[in-house]
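I have placed the structure first, in the form of structure tokens, so that the comments after it can refer back to it.
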Amino acid sequence: MKTEREKMIAEEKAYLEYVKYHLENNIEYNLKELKAIPKRHTNILQGDTFLVESLMSAVSTTLKRLEKARNIPYFARIDFLQDDNNKTVKLYIGKTSIYGDNQKLATIDWRAPICSLYYNSELGNVSYEAPVGTIKGELKLKRQIIIEKGQLLDAKDTSLVTHDELLQSYLNVHADNRMKNIIASIQKEQHKIISAPIKDNIIVQGIAGSGKTSVALHRIAYLVYNENKTIEANQFLVIGPNKYFLDYISNLLPDLEVESVTQLTFFDIAEDVIGEEIKLIGMNDALESLFKTNKLDNSLSYKSSLNYKNALDKFILNYIYKMINNDITLGDACIISNEEIKKEYQSKINTPIGIIFDNFQKRMIKKIKENPQRYYDNAIYSLNEKAKIIDRNNPILLEIYEQMEEIKKEIKTGCKKTIQKYFKKSKAKPLVIYKDFINNIEEYIESPIDFNIEEFKKRTLKNIFKKTLEYEDLAAVMYLKLNFYNYDYYDKYKQIVLDEAQDLGLFHFVVLKKIFNNGTFSIFGDLNQAIHSYRSIANWNDLNAEVFDNTCKFTTLDKSYRTTSEIMDAANNIPKKLGLHVSDALIRHGKEVTYIDTTNTNITQLISEILLKFKDESYKSIAIISKTDDEALCISRKLNKQGIPVNYISGDETKIIGGISSLASYNSKGLEFDAVIINNASEKVYSSSKKIDLQLLYVAMTRTLHELNILYDGEITEVLLDFLSKDEIIKKQKK
């Protein structure tokens, strides 16, 4: 006699076969449709070929979804009894909908409103929001179903196992597979963020490994599905920290059926907005300089602050009033008074300056052309009077007539040259205006500054001359462009997803909000990883209050799904010391962190041996993380000489290649690997008294899924001292 579990497994196997059968039927039907559409519409007008293309595109997209579902057609089941209904509905949840007998749903897309019951509810009385309103009922069963390559591996009722047990099968995988299967393991707190209304601006503080990036991308997929009547996938924008991070996440977008989502870095946007050919000083140059000199340039922090924006606001106002301080004159006539010009500016003060005066010029030129005689008589009045009393043989008289003729020609054009010359500065390029600001910056600074203003000016002006900007300059130059010129290129975007947001300053956010004035923001970041502290925001409350007028909804993700509890226990010592967010690690056990004192050791040989050990574990992605870029490059060269293929990641890449990578701590942010080796976590390298060092170490330690080896030369950083075994501490004391 079969046990209850055996019956359950048999039932699920039978249903899987049913779904697989109909999945193939769905695929076959769509393949036939793809061939039939052009034949079916052979007689349509030439101008309607767009219809055929649209139909074929829709069928092709459906076909891709179905073909991807062959491996894992669904991952969960819920049984729901709606109030006022006497029949329990069984729903199988997958990445896409599959139709069974009589066109009834065999599986349902995870983004459908009813599927929120699987992510957000426990058994019992429940409700969910549907287009028709709130639906209430009883959730009678919630089951996790594990399928791989079309075969049922396991099925677990959520009421019979612990929460952590349900997640184990999704987390004990390699980095490349983990991200692609995350839909099945979305947690309640993550789903609330994913399904938040598109009208809301949200800020998510998520510790390392909490799934910020995957939640951000799944939020886009969810909104594309549920808001399809008002928004399209190409109206979403992802802003990432660098090109290789965007390449890293771009592999997930096709799996989420949102390939047409635009992906840009902040610098990409800056180049577009500024509209001049500029070069960017390395984003991490300030960090490298800090490591070498042990001095932080406080002017970088100032450039990213709202104080800098306020100084620019005062400069812009002064720039305008200097420009329009005089009347526009031609000959003896006042063509346009400066009072009239000021009145025009003040009446349209929220319009870009260049646009105000461009429209004003056109209007004035037209006005002069309509009544040229009036302006001509006024302009030549004194010349005419002078001509009356000069002897006709006097050569000066000829000069006067020539002047009068020139005035006549100018008035015929509506005084175009005269007016355009007056407003020339309103059309200056952003870098020219920025140079003017820097030259006179002392006039506009109010708050006390803690850097040498002359050195600041000299460095910035030298960069401007070479059309080279620091990352911290970008917000200011973009702000000038937006104040002087209309820029509607990004108006189409309705939802802006910003990842690694802790790396931007408040001024950067002001500019982004000004650019994307038609969109709402989903902002994801981790203050524990704010390694660019010289420009990063201090806390999310400042961002909410100063930029979003306290309209953002704030959420935290405090649980790490990436690393094992052993690794997270060690890493958590860092935010504890800094007084920042500490991770509540998922109970997924693995190997203890390995600490190796490398004193009098051949480092290259040691790392080679560790890599061989990792290879035996079948790890697909391994990182050797050094503090600085120079060290990362050195390690990669030495290992490559020994015949071990290692990819050096400099931060300038557009793509990340798998296998073994050597990279600097600050270039590892946002990435994850199966195993990590930290090169030299000694106290002299990662000082426990320096916030930036600890944050870089935290970033490095939290990149790994399964195994972490920490090398140190002599004295390990004090923040990790407690994790050494007693034998290792005694050994150190003897030394």
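The values are calculated or read from the model by the stated rules, or taken from the named source; none is laboratory data. For clarity, every value in this text was computed on a predicted model and none was experimentally measured. Every residue, glycine as well, gets a Cβ built from its backbone with ideal geometry; the counts of neighbours run over all protein chains shown. These accessible areas exclude ligands, DNA and RNA; they are computed on the full protein's heavy atoms, side chains included. Shrake-Rupley method; radii C 1.70, N 1.55, O 1.52, S 1.80 Å.
Check residue 620 against each of (1) in contact with an Asp or Glu (Cβ under 7 Å, 6 or more places away or on another chain); (2) at pLDDT 95 or above; (3) not hydroxyl-bearing (Ser, Thr, Tyr) and name the one condition it does not meet.
Condition not satisfied by residue 620: (2).
Here's a check for you: in region 290-339, which residue that is open to solvent by less than 10 Å² (accessible area, probe 1.4 Å) and part of a loop (DSSP other than H, G, I, E, B) is nearest to residue 536 (Cα to Cα)?
304
In region 390-406, what residues are polar (S, T, N, Q) and without any contact (Cβ under 8 Å) to a residue 60 or more places away in the chain?
393, 394
I need the full set of residues from region 643-654 which are within 12 Å of residue 611 (Cβ to Cβ) and open to solvent by 90 Å² or more (accessible area, probe 1.4 Å), in order please.
645
Specify which of the listed residues (480, 512, 498, 469) is touching a Pro at 6+ places or on another chain (Cβ under 7 Å) and open to solvent by less than 10 Å² (accessible area, probe 1.4 Å).
480
Quick check on this structure: which one of 266, 291, 315 is in contact with a Phe, Trp or Tyr (Cβ under 6 Å, 6 or more places away or on another chain) and of a type in the set (Phe, Trp, Tyr)?
Answer to the check: 315.
Six or more apart or on different chains, Cβ under 8 Å: which pairs go from a residue in region 630-648 that's more than 20 Å from residue 244 (Cα to Cα) to one that's assigned to a helix (DSSP H, G or I) and polar (S, T, N, Q)? Could you list them?
Correct list of pairs: 635/604; 638/604; 639/604; 639/608; 642/604; 642/608; 644/608.
In the set 441, 449, which member is open to solvent by less than 10 Å² (accessible area, probe 1.4 Å) and more than 28 Å from the chain's Cα centre (by Cα)?
441
Inside region 553-595, can you point out the residues that are in contact with a Gly (Cβ under 6 Å, 6 or more places away or on another chain) and in a strand (DSSP E or B)?
Listed by number, the list holds a single entry, 557.
List the pairs whose first member sits in region 108-126 and is more than 11 Å from residue 94 (Cβ to Cβ), whose second member is among the β-branched types (Val, Ile, Thr), and whose Cβ atoms are under 7 Å apart, counting only residues at least 6 apart or on separate chains?
Going by the 7 Å Cβ cut-off, the qualifying pairs are 117/78; 117/126; 118/78; 118/93; 119/186.
Pairs only if they're at least six apart or on different chains, beta carbon under 8 angstrom, first in region 357-370 and more than 18 Å from residue 409 (Cβ to Cβ), second open to solvent by 100 Å² or more (accessible area, probe 1.4 Å) and at pLDDT below 95; list them, first residue then second.
358/427
Could you list all residues from region 596-644 that are in contact with a Lys or Arg (Cβ under 7 Å, 6 or more places away or on another chain) and either among the hydroxyl-bearing types (Ser, Thr, Tyr) or part of a helix (DSSP H, G or I) (or both)?
Matches in region 596-644: 604 only.
Residue 248 fails exactly one of the following numbered conditions: (1) among the hydroxyl-bearing types (Ser, Thr, Tyr); (2) over 23 Å from residue 436 (Cα atoms); (3) free of Cβ contacts under 8 Å to residues at least 24 places away in the same chain. What is the number of that condition?
(3)
Of the residues 117, 23, 81, 51, which single one is out of contact with any helix residue (DSSP H, G or I) (no Cβ under 8 Å at 6 or more places or on another chain) and closer than 24 Å to residue 154 by Cβ?
117
Applying the selection to region 127-161, what residues are modelled with pLDDT of 90 or more, within 23 Å of residue 14 (Cα to Cα) and within 36 Å of the chain's Cα centre (by Cα)?
Within region 127-161, 142, 143, 144, 145, 146, 147, 148, 149, 150 qualify.
Kindly evaluate residue 550 against the criterion of being within 30 Å of residue 523 (Cβ to Cβ), of a type in the set (S, T, N, Q), at pLDDT 95 or above and in a loop (DSSP other than H, G, I, E, B).
Spelling it out, residue 550 is indeed within 30 Å of residue 523 (Cβ to Cβ), of a type in the set (S, T, N, Q), at pLDDT 95 or above and in a loop (DSSP other than H, G, I, E, B).
For the condition under 18 Å from the mean Cα position of the chain (by Cα), at pLDDT 85 or above and charged (D, E, K, R), what is the one hit in 268, 247?
The match here is 268.
Working carefully through the options 697, 633, find the one that is of a type in the set (A, V, I, L, M, F, W, C) and either in contact with a helix residue (DSSP H, G or I) (Cβ under 9 Å, 6 or more places away or on another chain) or open to solvent by 60 Å² or more (accessible area, probe 1.4 Å) (or both).
From the options 697, 633, the qualifying one is 697.
Answer yes or no: is there a residue in region 410-418 that is surrounded by 16 or more Cβ atoms within 10 Å (Cβ to Cβ), in contact (Cβ under 8 Å) with a residue 24 or more places away in the chain and within 30 Å of residue 454 (Cβ to Cβ).
Among the residues of region 410-418, not one is surrounded by 16 or more Cβ atoms within 10 Å (Cβ to Cβ), in contact (Cβ under 8 Å) with a residue 24 or more places away in the chain and within 30 Å of residue 454 (Cβ to Cβ), which makes the answer no.
Being under 30 Å from residue 57 (Cα atoms) and open to solvent by 50 Å² or more (accessible area, probe 1.4 Å), is that true of even one residue in region 249-258?
Yes, some residue in region 249-258 is under 30 Å from residue 57 (Cα atoms) and open to solvent by 50 Å² or more (accessible area, probe 1.4 Å).
Kindly list, by first and then second residue, each pair from a residue in region 697-716 that is farther than 14 Å from residue 573 by Cα and free of Cβ contacts under 8 Å to residues at least 40 places away in the same chain to a residue that is open to solvent by 10 Å² or more (accessible area, probe 1.4 Å) and part of a helix (DSSP H, G or I), limited to pairs with Cβ atoms under 9 Å and residues at least 6 apart or on different chains.
Within 9 Å, the pairs are 715/721; 715/732.
Has region 61-75 got at least one residue that is more than 33 Å from the chain's Cα centre (by Cα), surrounded by 15 or more Cβ atoms within 10 Å (Cβ to Cβ) and modelled with pLDDT of 95 or more?
No; the residues of region 61-75 include none that is more than 33 Å from the chain's Cα centre (by Cα), surrounded by 15 or more Cβ atoms within 10 Å (Cβ to Cβ) and modelled with pLDDT of 95 or more.
Any idea which of (1) at pLDDT 95 or above; (2) assigned to a loop (DSSP other than H, G, I, E, B) is the one residue 654 doesn't satisfy?
It is condition (1) that residue 654 fails.
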